[in-house]
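Note sheet for the following structure.
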Amino acid sequence: MKRQPSDLDPDLRPGDPGPAPRGSRSARRRRAWLAVALAGGLFAAACGSDGDSGSDPAGSSGSSSTEAPEVGADEVDADATVRAAFSAPTRTLDPHTSDFPSDPLYNSPVFDRLTRMAPDGNSVEPMLATEWTFVDDGKALELKLRDDVTFHDGEAMDAAAVKASIERAKTLPGSTAAPKLASITAVEVVDDHTVRLVLDGSGGAELPVTLTGNAGVVMSPAAVASGRPLDQDPGDAGSGPYRVVDFKPNEQVVYERVDPYWDDSEIRAKRLEISFIADAAARINGVRAGQLDIAFIAGPQVANAVGMVDRGEIQGLLVTARVANTIMLNTTRAPLDDVDIRRAVNFALDRAAISEGLYEGTCEPMLQPYEEGNWAHVEAIDELYPSDVEEARRLVEASGVADPGFELEVGAAGASQPLAEAAKEMLEQVGISVTVKPVPAIEVFPRFAAGESQAVVLGIVPGGDPNTIVADFIVGGLKLARGDDPGTRRVAELARAGVDPTLSQDERAEVYDELLTIVSEEAWYAPVCRAQYLFAHSDALVGADSGMYGAWTGVPDFSNLGIRA
Amino acid sequence: MILRRLAAGVPLLLVVTFALFVLVDLAPGDPARLIAGQEATEERVEAVRDELKLDEPVTSRYVSWLASAGRGELGDSLVARAPVSELLVSHAAVTISLVAVTLAVAVVLGFLGGVAAAVRRGSLVDRAVTTMSAVALAVPAFWLGMILVIFFSVNRRWFPAIDYIGLGEDPLEWLRHLVLPSLALAALPAAEFALQVRESLTSALSSDYVATARAKGLPERQVVLKHALRNAVVPVLTVLGYRLAQLIGGAVTVESVFVLPGLGSLAVSSVFGRDMPMLLGIVAATTVVVLVINLVVDLVSAWINPRLR
């Protein structure tokens, strides 16, 4: 099974200066090759698949991720337009008020962030900040900034701009970035190119990762000072590789390249068009008919598109995303307040059968949120719940629960509904009756968080730092930790300890090792499989490889794509 | 008579829009959360609820919308964040283009097929027309659309698989982009027209006045086109009017298959986004259009056949 090549730097600590300013795409590709070598036969086997379309679609279709030939800048058409299609629209281009997880796709071409995740999602790379260090015993995060960046309006990107942007993110009405910056109490300008984020002492180790998202966007101070809304027209507020020339909310965003751009090592097209096309079949047809250069494919259509890649009809980059299809269990509602029932749920699920039966193998069976190769991966958890119907039955009997049935809520008509139905069948085989209850997709999360549902199916994005899953799903957000038992209390302690900025990454890994082990052993959730996405693309497209930023989340950055001359 | 017919449409418009209001209100889920977005804070969700007065009873919200609509103010789309009237105009242009080309294709194919089948009744041509019509009646437009895309866009690249170009931008590309969607959408009405023309024309051709015309020595072409077809066309016009109203509804699926930014696509995204102002605008506009179409069909039928006046 193919995996994302990992170029994790295991020695990088949150308190350490970041790596040197990243190199060109070629350099990153060389790192990817190194990681491929480290990954050993696993990846080699995938890449070596030749014409065996049925045995390993991931490997056979993932050729573009590592086998794509190097393309020099002179081989890319400088006047070309890249036409991309995605499955979700956007309503706002203001990153601070972005209200859907896919919004970064649309605002990343315009707005640079202080940091960004490496293409594999395992480490943080410099972007506008060249390095970052926790100072004053972890009470502040100091960032050194690039000195060669200007905004589209001509203003210099400096410490004052960072201060203005973070203050805007924290105070703008409707800001979705504000909660992520809650631990920052003040922003101090040290000098023109050094800024200090003063922390409230509650944590902050996750900030370098947080600043890769909308919370780390830096805007022109003039645009911030003007107070004008940026949601429909960001104008010249960004410093990114493109500026918006046309925005039709819910339909399409058209961008035009900005020259010069501080990072001239990246491939860029003259124009970039990102369209929302709801129907996956239409997106694939668009690529096949030559009307689109790249299209994002998810869900049941992935297996179909992989077949087309195998037959040579289209090119494709298959990505095992860090998006976990998971059944969340409410530990305060009977019968799921009984740990034996929750463990029985985990043993009863035949994850491999679900992956094969529902997704034709394009959903990788999993038992924990972080994949092998990530620093928060816990090896022991992978052995915890093999498919074992007998053990599940034994646990149900041992629990003594008379009627071990529950309602499983799922987004109506969404991709998770077949998974819920499959889980129902498997659980009923071990004596747990399940009623699948479709609810509006956007209601699934808040209903569970409010304790109104017994169990839900969610596709969760554990993020680039384990604090994300802790803050969004375990202790905060969805609130899986809701009991009053020693395990819950310990998880709360560990959650606080995990964001201590004075800890090294290895020390943090130990904290999250214990935390995630408790969550798994107490069976607060039942992870099922990790989604695979396909980026279907044309022969002429350049840049849709493992270096495509954000591919690991399924929400990529299309800024660095081009068309072969 | 025209004013009376238009006035009779007002209660229908009220019933349709109120029914929509109630249906959307009864749908499960919290519209405030849906509109605020997945990542919105609770404060933002509550602000949206207050802004849209979602805590007020459905009747008072409806009366408030009605008062605004009466002044010609349809409000702003909650999803696209633009005036509903502007969005209606821009998206209606696409749907009107699609329906107009579809109707032209359906009328031409239907009349040609129907006339050919009627004048050679029982022949191979007749059997081919009736068989193809039966198949076309059974095939859903979206399925036919997908098949057309595979043959003519993916395999041949003769016509685009997706997207739309405005008539004003490039008339030739406008037509190229509408060929496949209009063929997919036209199959059913063309089949209906063909069968209707065949039946009406066959009946007319066996009538006394046609026998008289033939006895007078008129050429067969003149008998068919001038005498028989003129009377045969009236029932076809009724079908055409009825079908035109249905085409607007049928455009929803075809617009999705071919990614045309028309009223159908707008309606679908508005339903998923619980965009009430936009939905009301679309429903009110399409109701008015259907009322007007029915009126026009009646007037044209009466003009062609004075006995209907």
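Is there a residue being buried (at least 19 other Cβ atoms within 10 Å of the Cβ), more than 14 Å from chain B (Cβ to nearest Cβ), within 29 Å of A:T115 (Cβ to Cβ) and hydrophobic (A, V, I, L, M, F, W, C) anywhere in the stretch A:246-257? No: zero hits.
Give the residues of the stretch A:81-104 that are in a helix (DSSP H, G or I), more than 10 Å from chain B (Cβ to nearest Cβ) and at pLDDT below 95, sorted by residue number.
Of everything in the stretch A:81-104, just one residue is in a helix (DSSP H, G or I), more than 10 Å from chain B (Cβ to nearest Cβ) and at pLDDT below 95, namely A:P104.
Taking into account only those residues within the stretch B:25-46 that are under 17 Å from A:A413 (Cβ atoms) and not in a helix (DSSP H, G or I), which is nearest to the other protein chains (Cβ to nearest Cβ)? Selected residue: B:G29. Within the stretch A:464-481, is there a residue that is surrounded by fewer than 17 Cβ atoms within 10 Å (Cβ to Cβ) and among the polar types (S, T, N, Q)? Within the stretch A:464-481 (the criterion being surrounded by fewer than 17 Cβ atoms within 10 Å (Cβ to Cβ) and among the polar types (S, T, N, Q)), the answer is no, since none of the residues qualifies.
Taken across the stretch A:441-448, residues that are crowded, with 17+ Cβ neighbours inside 10 Å, away from chain B (no Cβ under 12 Å) and within 30 Å of A:E206 (Cα to Cα) do occur, with at least one present. Scan the stretch A:201-232 for residues that are in contact with a Ser or Thr (Cβ under 6 Å, 6 or more places away or on another chain), within 14 Å of another protein chain (Cβ to nearest Cβ) and not polar (S, T, N, Q) and jot them down. The answer is A:D231, and nothing else.
Regarding A:T502, is this residue within 14 Å of chain B (Cβ to nearest Cβ), over 23 Å from A:E383 (Cα atoms), outside any strand (DSSP E or B) and modelled with pLDDT of 90 or more? Criteria not met by A:T502. When we screen B:T59, B:T17 for residues that are surrounded by fewer than 16 Cβ atoms within 10 Å (Cβ to Cβ), away from chain A (no Cβ under 11 Å) and among the polar types (S, T, N, Q), the only hit is B:T59.
Scan the stretch A:348-374 for residues that are surrounded by fewer than 24 Cβ atoms within 10 Å (Cβ to Cβ) and of a type in the set (A, V, I, L, M, F, W, C) and report the count. Matching residues across the stretch A:348-374 total 6. Checking each residue in the stretch B:144-172 for being in contact with a Ser or Thr (Cβ under 6 Å, 6 or more places away or on another chain) and either among the hydroxyl-bearing types (S, T, Y) or without any contact (Cβ under 8 Å) to a residue 24 or more places away in the chain (or both) picks out only B:F159. One residue alone among B:L291, B:L240 is over 28 Å from B:L180 (Cα atoms) and either of a type in the set (A, V, I, L, M) or in contact with a Phe, Trp or Tyr (Cβ under 7 Å, 6 or more places away or on another chain) (or both), and that residue is B:L291.
Please state which of the following conditions B:V252 fails to meet, knowing it meets all the rest: (1) within 22 Å of B:P189 (Cβ to Cβ); (2) at pLDDT 85 or above; (3) within 14 Å of chain A (Cβ to nearest Cβ). Exception for B:V252: condition (2). Out of the residues in the stretch A:118-137 meeting the condition of being assigned to a strand (DSSP E or B) and either among the aromatic types (F, W, Y) or out of contact with any strand residue (DSSP E or B) (no Cβ under 8 Å at 6 or more places or on another chain) (or both), tell me which one is nearest to A:D246 (Cα to Cα). Looking at the filtered set, the residue picked out is A:W132.
To keep it simple, each residue is scored yes or no on (1) more than 27 Å from A:F535 (Cβ to Cβ); (2) surrounded by fewer than 24 Cβ atoms within 10 Å (Cβ to Cβ); (3) touching a strand residue (DSSP E or B) at 6+ places or on another chain (Cβ under 6 Å); (4) of a type in the set (F, W, Y).
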site: A:P95; (1), (2), (3), (4): no, no, yes, no
site: A:D99; (1), (2), (3), (4): no, yes, no, no
site: A:R116; (1), (2), (3), (4): no, no, yes, no
site: A:D153; (1), (2), (3), (4): yes, yes, no, no
site: A:M157; (1), (2), (3), (4): yes, no, no, no
site: A:H193; (1), (2), (3), (4): yes, yes, yes, no
site: A:L197; (1), (2), (3), (4): yes, no, yes, no
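If you go through the stretch A:270-286 and pick out every residue that is within 25 Å of the chain's Cα centre (by Cα), in contact (Cβ under 8 Å) with a residue 60 or more places away in the chain and part of a loop (DSSP other than H, G, I, E, B), you end up with 2.
Taken across the stretch A:180-200, residues that are of a type outside the set (A, V, I, L, M), in contact with a helix residue (DSSP H, G or I) (Cβ under 6 Å, 6 or more places away or on another chain) and within 14 Å of chain B (Cβ to nearest Cβ) do occur, with at least one present.
Within the bounds of the stretch A:288-303, is there any residue that is touching a Ser or Thr at 6+ places or on another chain (Cβ under 9 Å), buried (at least 18 other Cβ atoms within 10 Å of the Cβ), in a loop (DSSP other than H, G, I, E, B) and more than 14 Å from chain B (Cβ to nearest Cβ)? The answer is yes, given that some residue of the stretch A:288-303 is touching a Ser or Thr at 6+ places or on another chain (Cβ under 9 Å), buried (at least 18 other Cβ atoms within 10 Å of the Cβ), in a loop (DSSP other than H, G, I, E, B) and more than 14 Å from chain B (Cβ to nearest Cβ). Scanning the stretch A:482-493 for residues that are outside any loop (DSSP other than H, G, I, E, B) and either crowded, with 21+ Cβ neighbours inside 10 Å or of a type outside the set (A, V, I, L, M, F, W, C) (or both) returns A:P486, A:G487, A:T488, A:R489, A:R490, A:V491, A:E493.
Can you name every residue in the stretch B:208-225 that is without any contact (Cβ under 8 Å) to a residue 12 or more places away in the chain and of a type outside the set (D, E, K, R)? Matches in the stretch B:208-225: B:A211, B:T212, B:A215, B:G217, B:L218, B:P219, B:Q222, B:L225.
Given the criterion at pLDDT 90 or above and farther than 24 Å from B:A93 by Cβ, identify the matching residue among B:P140, B:P219, B:P160, B:P171.
It is B:P140.
Do we find that B:L6 is part of a helix (DSSP H, G or I), surrounded by 13 or more Cβ atoms within 10 Å (Cβ to Cβ), in contact (Cβ under 8 Å) with a residue 12 or more places away in the chain and away from chain A (no Cβ under 14 Å) in this structure? Yes; evaluated as a whole, the condition is true for this residue. Selection within the stretch A:325-359: residues that are assigned to a strand (DSSP E or B) and modelled with pLDDT of 95 or more. The member of this set that is nearest to the chain's Cα centre (by Cα) is A:T326.
Applying the criterion of being over 21 Å from A:F445 (Cβ atoms) and aliphatic (A, V, I, L, M) to the residues of the stretch A:318-347, the residue that is surrounded by the fewest Cβ atoms within 10 Å (Cβ to Cβ) is A:A334.
Could you tell me whether any residue of the stretch A:457-475 is in a loop (DSSP other than H, G, I, E, B), small (G, A, S) and under 18 Å from B:A40 (Cβ atoms)?
Within the stretch A:457-475, not a single residue is in a loop (DSSP other than H, G, I, E, B), small (G, A, S) and under 18 Å from B:A40 (Cβ atoms).
Scanning the stretch A:413-440 for residues that are over 30 Å from A:G400 (Cα atoms) and either within 14 Å of chain B (Cβ to nearest Cβ) or part of a strand (DSSP E or B) (or both) returns A:A413, A:G414, A:V439, A:P440. Scanning the stretch A:416-440 for residues that are among the hydroxyl-bearing types (S, T, Y) and surrounded by fewer than 22 Cβ atoms within 10 Å (Cβ to Cβ) returns A:S433, A:T435. From the list B:V84, B:V94, B:V79, B:V149, the lone residue that is within 14 Å of chain A (Cβ to nearest Cβ), crowded, with 19+ Cβ neighbours inside 10 Å and in contact with a Lys or Arg (Cβ under 7 Å, 6 or more places away or on another chain) is B:V79.
The values are calculated or read from the model by the stated rules, or taken from the named source; none is laboratory data. No experiment lies behind these values; they were computed from the predicted model shown. Please note: Cβ atoms are built from the backbone with ideal geometry, for glycine as well, and neighbour counts cover all protein chains shown.
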